[in-house]
Amino acid sequence: MPLLELKNVSKAFGGLMAVNDVSFKVEKGEIFGLIGPNGSGKTTIFNCICQLFPITAGDIIFNGQSIKGLKTHKICQAGIGRTFQVVKPLARMTVRDNVTASAFCRVNTIREAQYEADRILEYCHLDMSSAKPAKSLPIAGRKRLEIARALATRPMLLLLDETAAGLNPTEVDEAIALIQRIRDDGITILIVEHIMKVIMTISDRIHAINFGQTIADCSPQEAARNPAVIEAYLGEDYEG
């Protein structure tokens, strides 16, 4: 049984069909890449999974149960965590307090939440910045904080939305290592990413969309050779 399954999911905004009849399955323990050009519907799919946007048609199955129509916080409690493309930490709070707040999804006391926050900050190599205001972190630190906040909800499935965007090459390598470690520790990952080094290095499978519709569902190697993916997204100069 797949951990996550989208069944013929569509999302319309008035007359605009942002996601049109998209279906895919994410298996437990894999890193599943979702790619496509800007405006193709990737983040909209994330928002549909988390029910920030109610879907227009289709169904979303998580861990064997439909989550269609559930409140966003209930989906988080069910085991889906996510990051956002534009990171917006609680800027005036400390790094530790940002993660502590997320930990209350699973624990009931401040002591438990702070213990969980300290554990996750060390895991994400943010422990040295624990007492700093979140707004003081550079972009790489904010991206890691975004992941730490999501991990504090103890997800079975983690949705990562452009985690490596804006990072330098060294920081990209560090992001890849962290994502792989998260998967190795038992968390399934669905990732949207425009940096091809990231998506092609870490993904077990790739689902490509364009204009809200599926154009490929295959391995990274097959995606790099797929004419529709090359034309819509990778470009003729891409060397897989």
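Computed from the coordinates by the stated procedures, all read-outs in this text should not be read as laboratory data. Since the model is a prediction, treat every value here as computed from it, not as a measurement. Here the Cβ positions follow ideal geometry from the backbone for every residue, glycine too, while neighbour counts run over all protein chains shown.
Below is a table of values for the structure above.
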| item | result |
| --- | --- |
| Matching residues, the range 134-150, being buried (at least 17 other Cβ atoms within 10 Å of the Cβ) and among the aliphatic types (A, V, I, L, M) | Ala134, Leu137, Ala140, Leu145, Ile147, Ala148, Ala150 |
| Contacts under 7 angstrom Cβ, first residue in the range 178-202 being in contact (Cβ under 8 Å) with a residue 60 or more places away in the chain and over 19 Å from Gln221 (Cβ atoms), partner surrounded by fewer than 18 Cβ atoms within 10 Å (Cβ to Cβ) and of a type in the set (Asp, Glu), 6 or more apart | Thr188/Glu30 |
| Out of Gln65, Gln77, Gln85, sole residue that is surrounded by fewer than 17 Cβ atoms within 10 Å (Cβ to Cβ) and closer than 30 Å to Leu167 by Cα | Gln85 |
| Top-ranked residue in the range 57-71 [being part of a loop (DSSP other than H, G, I, E, B) and touching a residue at least 40 places away in the same chain (Cβ under 8 Å); ranked as nearest to Ile179 (Cα to Cα)] | Asn63 |
| Among (1) closer than 29 Å to Ile67 by Cβ; (2) free of Cβ contacts under 8 Å to residues at least 60 places away in the same chain; (3) not small (Gly, Ala, Ser) - the single one Met93 does not satisfy | (1) |
| Residue check, Asn98 surrounded by 15 or more Cβ atoms within 10 Å (Cβ to Cβ) and in contact with a Pro (Cβ under 6 Å, 6 or more places away or on another chain) | yes |
| Leading residue by the ranking (surrounded by the fewest Cβ atoms within 10 Å (Cβ to Cβ)) among those in the range 151-192 that are acidic (Asp, Glu) and part of a loop (DSSP other than H, G, I, E, B) | Asp185 |
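Every residue, every condition in (1) of a type in the set (A, V, I, L, M, F, W, C); (2) not in a loop (DSSP other than H, G, I, E, B), yes or no:
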{"position": "Phe24", "(1), (2)": "yes, yes"}
{"position": "Ile45", "(1), (2)": "yes, yes"}
{"position": "Ile55", "(1), (2)": "yes, no"}
{"position": "His73", "(1), (2)": "no, yes"}
{"position": "Pro89", "(1), (2)": "no, no"}
{"position": "Val99", "(1), (2)": "yes, yes"}
{"position": "Arg106", "(1), (2)": "no, no"}
{"position": "Ala117", "(1), (2)": "yes, yes"}
